[in-house]
Amino acid sequence: MDPTPPPDHPTGDTAFPVPPPRASSSGAATSGGMTGGELIRVENVVKTFTVRTRAGRFRREKTEVRAVDGIDFTVRGGEVVGYIGPNGAGKSTTIKMLTGILVPSSGRLRVAGLDPARERTRLARRIGVVFGQRTTLWWDLPLRDSYALMRRMYRVPRDRYRENLDRCVELLDLADLLDRPVRQLSLGQRMRGDIAAALLHDPRVLYLDEPTIGLDVVSKARVRSFLRAVNTEQGTTVLLTTHDMTDIEQLCSRVMVIDHGRLVHDGDLRGLRLGGHSERTLVVDLERELPPIRLEGARTLRVEGPRQWLAFPATASAAPLVAEIAARFPLVDLSIREPAIEDVIARMYADRAVG
Amino acid sequence: MGLYAAIAVRSFRRYATYRAATVAGAFTNTVFGLIVAHTYLALWDERPALGGYDVAQAVTFVWLGQALLAAMSLLGGGFEEELGERIRTGDVAVDLYRPVNLQLWWLCADLGRAGYHLLGRGLVPVLVGGCLFDLRVPTGPARWFAFLVSVLLGIVVSFALRYLVALSGFWLLDGSGVRTVGVLTAVFFSGMLLPLTLFPGWLGELARALPWSALLQVPADVYLGRHAGGELVGAMAFQAGWAVVLLATGQALTAMATRRVVVQGG
């Protein structure tokens with residue numbers, strides 16, 4: 001591997017600069033407690049898998065798949081980072097390397113001051129992991145018993161455990177569920193139970209793998225507001241993978257997009273919207289029905305009676321367009337719509353697939 | 001109470017919640033005990049002192065087998081199905097994120113289960129058998145103690161064997177076939193089908209040297225007082241030796257499997 005310091009982020013203009021070691025600036029962190037210190041460092045990490053495929057009756061062919069293809073990033077304490085990408089892009093592989101159950105083929109990882117693969121058990125005490133599709137709770141046991149086992153497993157002091165459990169029970173509304181066996185819980189209830197289980201030992205980093213998958217709107221909102229509270233009050237660093245863009249919009253100050261094993265964006269949401277070829281939409285209400293408005297730098301999407309929709313590049317300013325419309329047409333009302341983040345990302349993947 | 005003791009207690013309680021299953025199981029063990037005991041009576045009537053047992057010892061062997069059947073998980077029903085399923089679905093990844101030793105974790109869980117099965121599934125058949133047949137009972141607390149230690153060692157060996165079977169799922173993706181082979185092997189080579197002392201020549205030698213004999217044959221012989229003094233120590237050393245070898249193998253294979261598991265499933 002390359003022994004030199006990591007290169008700059010290979011992504012857009014809003015990418016976070018790689019801080020010097022032990023940087024203490026906390027500019028990008030959301031808020032709260034233990035912000036600032038570098039908590040996760042990933043340097044030029046590659047992970048390849050050998051996949052055997054059938055080639056003929058007995059012959060097997062070995063092909064090498066690069067699940068993660070040289071990624072670099074750092075996460076500072078207190079950040080909430082969204083880690084997104086299409087299925088098979090390398091998200092889970094990255095998370096598995098960050099938790100130490102997968103050894104990188106090359107490159108360097110550092111989480112909470114430890115080498116994950118080499119010090120997996122020690123690291124396990126400093127991180128929390130939640131899988132939306134799997135549970136860490138014991139199926140046949142009341143929720144309370146699962147938590148009691150967690151306390152022993154992570155050797156949490158009794159009063160600290162009480163405090164953490166009480167907070168989770170209150171914020172996640174678990175009081176009525178504690179004595180119920182996990183198999184009787186609904187998906188949303190179980191998910192809340194799982195998130196609480198991951199936080200009882202005060203982890204410095206919380207990895208969430210699709211924490212809102214399959215949940216109804218109310219449960220999703222509750223999970224999100226809880227995560228926000230944990231981040232602001234405890235300063236817990238959160239790394240979140242999800243396909244739900246509302247999770248990203250409501251929780252994350254920073255988004256990393258991975259595709260084909262490479263980071264294609266690392267920065268804030270605004271940067272994600274500006275990058276790529278996304279468009280903003282101008283919704284124009286006129287006094288009466290008119291033929292489609294034709295303007296330089298905008299295209300008409302739709303006309304419906306006196307209302308017209310015009311698209312223009314997200315990077316361009318809306319001011320000259322608005323001024324021109326107001327000058328030339330009988331304008332009643334006007335609003336601007338930001339591009340939906342889903343669309344931005346869908347376009348991003350599509351662009352890369354073509355390019 | 002430490003973590004591992006807590007796991008064993010939780011596991012004991014977990015099996016204790018399925019009362020109907022316990023009653024049904026104990027009933028089945030009793031019925032089978034009756035059938036097999038009568039078969040043995042006919043057999044030993046024809047061939048007295050078969051395998052070095054008198055009639056009373058032979059019938060006692062039958063009821064011991066029924067009492068230990070569930071605890072030793074000879075027909076399955078232990079942790080191995082759950083672990084096998086977790087490996088198949090990839091849920092085992094959750095276990096690997098924990099700061100615990102995977103094998104030790106499941107060992108404690110299985111000890112809790114075995115403890116419950118020993119009481120819930122073992123006592124009733126032995127009491128019924130004791131009322132209907134003339135069974136041998138160990139004389140003196142020392143022999144009882146030796147028997148309990150031997151049963152505990154047998155459970156550990158049984159666990160270690162099933163752990164290896166479950167781990168095979170990491171390589172085979174679906175371990176149910178291996179589990180079936182594991183059950184058949186255990187039933188035959190533990191002495192559950194017939195006491196291993198009945199087998200002549202090399203087959204008998206082999207059967208008595210394999211780890212499965214630690215599950216039933218050895219504890220039964222300890223109970224029946226067929227080992228004395230140095231021989232008793234030797235019998236238990238045989239069990240303990242297999243336990244150590246198998247657990248060490250399990251530990252090594254766990255390390256190999258964890259490096260592998262991660263490939264499966266997003």
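Every read-out reported here was derived from the displayed coordinates using simple, explicitly stated rules and does not represent laboratory data. This one's a predicted model, so the numbers in the text were calculated from it and none came from an experiment. Here the Cβ is made from the backbone with ideal geometry for all residues, glycine too, and neighbour counts use every protein chain on show.
Annotations
- Extending 7 Å from Cα along the Cβ direction at B:ASP134 and again at A:GLU289 yields two label points whose distance is 10.9 nm.
- Only lysines eight or more places from A:LYS47 in sequence, or on another chain, were considered; those with a Cα closer than 20 Å are A:LYS62, A:LYS91, A:LYS96.
- Beta bridges per DSSP with both ends in the protein assembly as shown, % antiparallel, nearest 5: 70 percent
- Bridge type composition, the range A:38-273 - antiparallel percent by DSSP, nearest 5: 60 percent
- Inter-chain shielding of A:130-136 (mean C-beta neighbours from other protein chains, 10 Å cut-off): 4
- The shape of the range A:190-288 can be summarised by an equivalent ellipsoid whose semi-axes, obtained from the alpha carbon gyration tensor, come to 30, 19, 13 Å from longest to shortest.
- Alpha carbon centroid spacing (whole Å) that separates the range B:105-138 from the range A:246-323: 72 Å
- At the listed q of 0.09 Å⁻¹, the Debye profile of the range B:3-261, built from one uniform point per Cα, gives log10 I(q)/I(0) equal to -0.40.
- Burial ordering of A:ILE71, A:ILE336, A:ILE95, fewest other beta-carbon atoms within 10 Å first: A:ILE336, A:ILE95, A:ILE71
- Förster radius 41 Å - calculated FRET efficiency between A:THR50 and A:ARG307 (Cβ-Cβ, nearest 0.05): 0.10
- Per-residue Cβ neighbour rank within 10 angstrom, fewest leading, B:HIS38, B:HIS227, A:HIS265: B:HIS38, B:HIS227, A:HIS265
- Backbone amide hydrogens, once placed in the peptide plane, bring A:TYR83 within less than 5 Å of A:LEU240, A:THR241, A:THR242, A:MET256, excluding anything fewer than 5 places away on its chain.
- Spatial separation of Cα centroids for the range A:174-208 and the range B:157-176, in angstrom: 30 Å
- Shape summary of the protein assembly as shown, radius of gyration then Dmax from alpha carbon positions: 32.1, 116 Å.
- The angle separating the long axis of helix A:341-354 from the principal Cα axis of greatest extent in chain A is about 90 degrees.
- When only alpha carbons of the range B:176-266 are considered, Rg and Dmax amount to 16.7, 57 Å.
- Per residue of B:7-19, other chain Cβ atoms within 10 Å of the residue Cβ number 2 on average.
- Chain A: radius of gyration over Cα atoms, expressed as a fraction of 2.2 N^0.38 Å: 1.16
- Remark: mean inter-chain Cβ contacts per residue of B:97-103 equal 6, using a 10 Å Cβ-Cβ cutoff to other protein chain atoms.
- Relative to the Cα centre, the charge distribution of the range B:3-261, modelled as +1 at Lys and Arg Cβ and -1 at Asp and Glu Cβ, gives a dipole magnitude of about 640 debye.
- Spin-label model, B:ALA42/B:ASP174: points 7 Å from Cα along the beta carbon direction are separated by 3.9 nm.
- Among A:ASP176, A:ASP72, the order by Cβ neighbours within 10 angstrom, fewest to most, reads A:ASP176, A:ASP72.
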